[in-house]
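**Q** Below: one structure in structure tokens.
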Amino acid sequence: MILARVLDLLERRKVASPDEIARVLNSSPDAVRSMLHTLQGKGLVHRVQAQPACGSACNQCMQGSVEIYASGPAPVLAVDLADCPGREAS
């Protein structure tokens, strides 16, 4: 099954863009995005927030323009409930 191949690829590479996955699977980037969306809905992959550009002249890693996915569910961000403005004071 092709979804299993996408998962396997992400597990081996740790992270990959839809374009990279499409090249490996000989598929279109749009088809891969659809597969990633399905896998993301099942909690099997998550989109990784792109880091700021490295500052080199190649401009291949401009912030916001890189779409990267990793295997596994998205990490849970810890929230300190004491800082929640909606929480009533005791």
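**Q** Give me the extension gain from Leu3 to Val15: residue separation times 0.36 nm, minus the current Cα-Cα distance, reported in nm with one decimal.
**A** Length gained between Leu3 and Val15: 2.8 nm.
**Q** With all protein chains present, calculate the accessible area of Ile68 using a 1.4 Å probe and round the result to the nearest 10 Å².
**A** 40
The values are calculated or read from the model by the stated rules, or taken from the named source; none is laboratory data. Keep in mind it's a predicted model, so treat the numbers as computed, not measured. To get the accessible areas, we keep the full protein, side chains included, count just its heavy atoms, and leave off ligands, DNA and RNA. Shrake-Rupley method; radii C 1.70, N 1.55, O 1.52, S 1.80 Å.
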